[in-house]
Amino acid sequence: MILIPKHKFEAVLQKQNEDQSKAEVVLNDTPPRDNDQHNLSYDQKPLHDDLQSLINITIPSRYKDKALRLLLYLQKQPSIKWDEQGEVCIDGKVISNTHIVDLIRDSTVPIGRRKLTAGIHQFYQFLKSTNIPLCLFRNVEKTNKVRFESTSYKEKKTEEENKEKEETDEYSEDSDNEYIQQNKKTKKTETNLETQKKMYVQRDINSIFTIKKKRKKWLQFKCFN
């Protein structure tokens, strides 16, 4: 045991109390962490400015106005939501592998040969169900009318195309068989013609020899006389 004077012990104890009080003040002044700020749910929508920045980056300038108007319309629709990653939820159902900006882009910018964005058909059906104003709906419908075909229609179209292809293949096969038969007939005809030609040539040769023989006999007969 180490003995120290009373006044030094009181000074050390007072300093410890002061340090502890300061630490408690710092802890009390620290604002509580809001977990909801770090776990944005589908009930919330990111700020318009954030999406506008993405639209400015990803969408060509001539289509930005249409895209922004569609975004404003979607912001007012309670049935569609998206999280901080942009993944879309329609009528309480999460559409996997989607991004709201991609869906807006494919609804306003001609797709051409670009691959369709995941969830575009559900998004298009949602727009129709909200009775979207014609000024926006026509932009969507006219721009990508063929690309927004329903899955059932696509499957039906594919079946028709496959059937047509099978019929074409059958026709091609029949045509090939017909061509083979016709080719055989042509070759047979050519063979017959060649045979006839040889016969005619041989006949002509025989005729020449016959004439020569007759002439020779006639000359011999004339000489004897």
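Nothing in this text is a laboratory measurement; each read-out follows from the coordinates by a stated rule. This structure is a prediction, so every number in the text was calculated from the model and none was measured. Cβ atoms come from the backbone with ideal geometry, glycine included; neighbour counts cover every protein chain shown.
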> Which order results if ASP106, ASP65, ASP83 are arranged by neighbouring Cβ count within 10 Å, fewest first?
Replying inline: ASP65, ASP83, ASP106
> If you rank VAL94, VAL201, VAL101, VAL88 by fewest surrounding Cβ atoms within 10 Å, what's the result?
Replying inline: VAL201, VAL94, VAL101, VAL88
> By how many nm would the segment from SER53 to LYS198 lengthen if fully extended, with 0.36 nm per residue of separation less the alpha-carbon distance?
Replying inline: 43.3 nm
> Tally Lys/Arg at +1 and Asp/Glu at -1 over every other residue whose Cβ is under 12 Å from the Cβ of LYS197; what's the total?
Replying inline: -1
> Exposure proxy check: ASP204, ASP50 ranked by fewest other beta carbons within 10 Å?
Replying inline: ASP204, ASP50
> Which links in LYS81/LYS115; LYS66/LYS93; LYS188/LYS213 stretch past 32 Å when you go from one Cα to the other?
Replying inline: LYS188/LYS213
